[in-house]
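In what follows, a structure is listed as structure tokens, so that the remarks can point back to it.
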Amino acid sequence: MIAHAGGDALPVVEHPHLLKNYNRAPITIVRGEGVWLIDDRGERYLDLVAGIAVCALGHAHPAIVGAIAAQASTLVHCSNLYFHEPAGELANKIAALTGFDRVFFCNSGTEANEAAIKLARKRAFRLGQTERNVILACRNSFHGRTFGALAATDNPKYQEGFGPLPGGFAFTPLNEIAALEAAIDEKTAAFIVEPVQGESGVIPATREFLEAARGITAERGALLIFDEIQTGMGRMGTLFAFQHFGVGPDAVTVAKALANGLPIGALLVTEEASVALQPGDHGTTFGGSPVPCAAALAHLNLRDRMDLDAHVKEMSALLFAELGSIADEYPERFEKPRGIGLLVGLPVKPPHETKPIVAAALHEHLLVNGAGHNTLRFAPPLIIGENELREGMRRLRRAIAAA
Ligand SMILES: Cc1ncc(COP(=O)(O)O)c(C=O)c1O
């Protein structure tokens, strides 16, 4: 690998054969333990990124490792032409925990959203409403990088040069109820919304907005889809954000933390909405493979035995307090932190930027990342302890002072 100082403050590393589509930091990670990542020189990094909200129970959790190993030595792959136990058991568990009737498994977040988009359109088609094909999303949304999800992503940075994108996508501002009222009509197949916009800088939806979305979509015959790829699996201090907000969508998309690090995505739907997709309408070779399903099941079973939601709320209060006092100390550099649970953003005031802080944090062996709208994002493993979080904040303060 060739390390070089890029134009940015954070030096990037190039590899001779990997595609250059990522700006990777100049470290090579070889191992993970709880909230720590360890590099090839044995240096330990406190991980407040967690794979971007993936490793909820931390790295190399022994019970999940055990479930993966046991499943890998029994059955690694089974075509979706047949049933296998891990997918069936996981679907039962998800249904019991969420109240959704049916689950479709895939391999990633963007695929879960593709499935949701296809289901919404096919549902309208089956109802004979062929004009109802518009997917309404929010301004500044992020739903993934494949074409359907990308078309629902309101960010020119991700879309530029990839056109033509599929048509039939529209956007409405987050948290503006009157605009939502005007935007949803007889052509709207679904409204898809992130309960907290993660990529665009940790911007929470309001309860009023989500409640209004529930009412308006139901009244006008459109589906309400929550993209919980970043907010799901305990990050809000509830299993899903829809439970935090007390608003019941027709469908929820999940990925990231579901299997605590193995690739899996899921679309959760009500029985009524689920009938849109019939045999042959949609599918995937690897979706819902036995090993990721076993890992996800182990994750959910472990959660049952932990008081994780209370812990997340406690650590969230501490993180908000710490970041709030940093914002008070540096009023010219930061706004007040925002977010819910352990998905928290610290907005940086221009002309200051996140990049020098992320680079200085790396120097302090602290991993944080920059999200949209010039925001430092904190999405630590949910199992982070008080001492680890306080240590992270000490390192962050040093990084801010140095940046
Ligand atoms: C809200 C949201 N939706 C979709 C995605 C895409 O997920 P994936 O990267 O697994 O395709 C992400 C990833 O960051 C996300 O945060």
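Computed from the coordinates by the stated procedures, all read-outs in this text should not be read as laboratory data. The structure presented is a predicted model; accordingly, all values stated were derived computationally and were not measured. As a convention, Cβ positions derive from the backbone with ideal geometry for all residues, glycine included, and neighbour counts pool all protein chains shown.
Just the Cα atoms of the range 203-286: what Rg and Dmax do they give in Å?
Over the range 203-286's Cα set, Rg and Dmax evaluate to 14.0, 40 Å.
How far apart, in nm, are the 7 Å Cα→Cβ label points at residue 307 and residue 80?
Roughly 4.1 nm, to one decimal.
Taking neighbour Cβ counts within 10 Å as the exposure measure, how do 83, 378, 334 sort from fewest upward?
Ascending Cβ contact count within 10 Å gives the list 83, 334, 378.
Please get the size of the charge dipole for the range 75-304, origin at its Cα centre, with Cβ charges of +1 on Lys and Arg and -1 on Asp and Glu, quoted in debye to the nearest 20.
280
Take each of the peptides 354-360, 327-333, average the number of other beta-carbon atoms within 10 Å over its residues, and list them starting from the highest.
Result, highest mean Cβ count within 10 Å first: 354-360, 327-333.
Can you bin every Cα-Cα distance in the range 75-304 into 5 Å intervals starting at zero and give me the percent of pairs per bin, rounded to whole numbers?
Computed distribution, short to long bins: 1, 7, 15, 20, 21, 17, 11, 6, 2, 0, 0.
Can you list the HN-Hα couplings for the range 138-151, worked out from phi with the Karplus curve (6.51, -1.76, 1.60; θ = phi - 60°), rounded to whole Hz and with x for Gly and Pro?
With coefficients 6.51, -1.76 and 1.60, one gets 9, 4, 6, 6, 9, 10, x, 10, 7, 4, x, 5, 5, 5 Hz.
Could you give the semi-axes, largest first, of the ellipsoid that matches the chain, computed as the square roots of 5 times the alpha carbon gyration tensor eigenvalues and rounded to whole Å?
33, 26, 21
Which order, highest average first, do 145-152, 314-321, 292-299 follow once you tally other Cβ atoms within 10 Å for each residue and take the mean per peptide?
Final packing ranking: 292-299, 145-152, 314-321.
Helix 354-363 sits at what angle to the longest principal axis of the chain, using alpha carbons and giving 0 to 90 degrees rounded to 10?
60
Report, for the range 75-304, the % of DSSP beta bridges that are antiparallel, rounded to 5.
Roughly 40 percent of the DSSP beta bridges within the range 75-304 come out antiparallel.
If you place +1 on the Cβ of every Lys and Arg and -1 on the Cβ of every Asp and Glu, how big does the dipole about the Cα centre of the chain come out, in debye to the nearest 20?
440
Tell me, what is a quarter of the convex hull surface for the C-alpha atoms of the range 98-161, in nm² with one decimal?
For the range 98-161, the mean projected area of the Cα convex hull comes to 5.7 nm².
Using DSSP to call loops (not H, G, I, E or B), can you name the trypsin sites (Lys or Arg not before Pro) in the range 211-312 whose Cβ has at most 13 other Cβ atoms within 10 angstrom?
Sparse-neighbourhood loop trypsin sites (Lys or Arg not before Pro): 305.
Please report the relative contact order for the range 75-304, taking Cα pairs under 8 Å with a sequence separation of at least 6, and give it as a percent rounded to a whole number.
With pairs under 8 Å counted, the relative contact order is 29 percent.
What value, in deg cm²/dmol to 500, does the helix sum -39500 (n - 2.57) over DSSP H runs of n ≥ 4 give at 222 nm once divided by the residues of the chain?
After summing the helix terms and dividing by residue count, I get -11000 deg cm²/dmol.
Are any of the pairs 118/313; 20/336; 157/349; 20/122 more than 26 Å apart by Cα-Cα distance, and if so, which?
Cα-Cα > 26 Å for 118/313; 20/336; 20/122; rest within.
What angle, in degrees between 0 and 90 and rounded to the nearest 10, separates the Cα long axis of helix 85-98 from the longest principal axis of the Cα atoms of the chain?
In the chain, helix 85-98 runs at an angle near 90 degrees to the longest axis.
How much space per residue, in cubic angstrom, does the convex hull of the C-alpha atoms of the range 244-368 take up?
With only Cα atoms used, the range 244-368 gives 193 Å³ per residue.
Counting Lys and Arg as +1 and Asp and Glu as -1, each charge on the Cβ, what is the dipole of the range 319-380 about the Cα centre in debye, to the nearest 20?
Charge dipole of the range 319-380: 220 debye, to the nearest 20.
How much of the DSSP beta bridge set in the range 201-343 is antiparallel, as a percent to the nearest 5?
Here the antiparallel bridges make up roughly 55 percent for the range 201-343.
In nm, to one decimal, how far is the residue 270 label point from the residue 17 one, both placed 7 Å along Cα→Cβ?
5.1
Restricting to DSSP loop positions (anything but H, G, I, E, B) with no more than 15 other Cβ atoms inside 10 Å of their own Cβ, which trypsin sites (Lys or Arg not before Pro) remain in the range 40-133?
Hits after loop and neighbour filter: 41.
For the range 68-160, build the charge dipole from Cβ charges (+1 Lys, Arg; -1 Asp, Glu) around the Cα centre, then report which of 106, 82, 129 sits farthest towards its positive end.
Positive-most Cα among the choices belongs to 129.
Antiparallel as a % of all DSSP beta bridges within the chain, to the nearest 5?
65
May I ask for the distance between the Cα centers of the range 123-173 and the range 54-92, given as a whole number of Å?
For the range 123-173 versus the range 54-92, the Cα centre distance is 32 Å.
How much space per residue, in cubic angstrom, does the convex hull of the C-alpha atoms of the range 319-372 take up?
Given the Cα convex hull of the range 319-372, per-residue volume reads 84 Å³.
So what's the angle, to the nearest 10 degrees on a 0 to 90 scale, between helix 62-72 and the longest Cα principal axis of the chain?
With both axes taken from Cα atoms, the answer is about 50 degrees.
What residue among 393, 343, 73 has its Cα farthest toward the positive end of the dipole of the chain, where the charges are +1 on Lys, Arg and -1 on Asp, Glu, each on the Cβ?
73
Choose one of 170, 326, 25: the residue whose Cα lies farthest towards the positive end of the charge dipole of the chain (beta-carbon charges +1 Lys, Arg; -1 Asp, Glu; about the Cα centre).
Checked the options; the winner is 25.
If I stretch the segment between residue 182 and residue 145 completely, what's the gain in nm (0.36 nm per residue apart, minus their alpha carbon distance), one decimal?
Gain on extension, residue 182 to residue 145, equals 10.5 nm.
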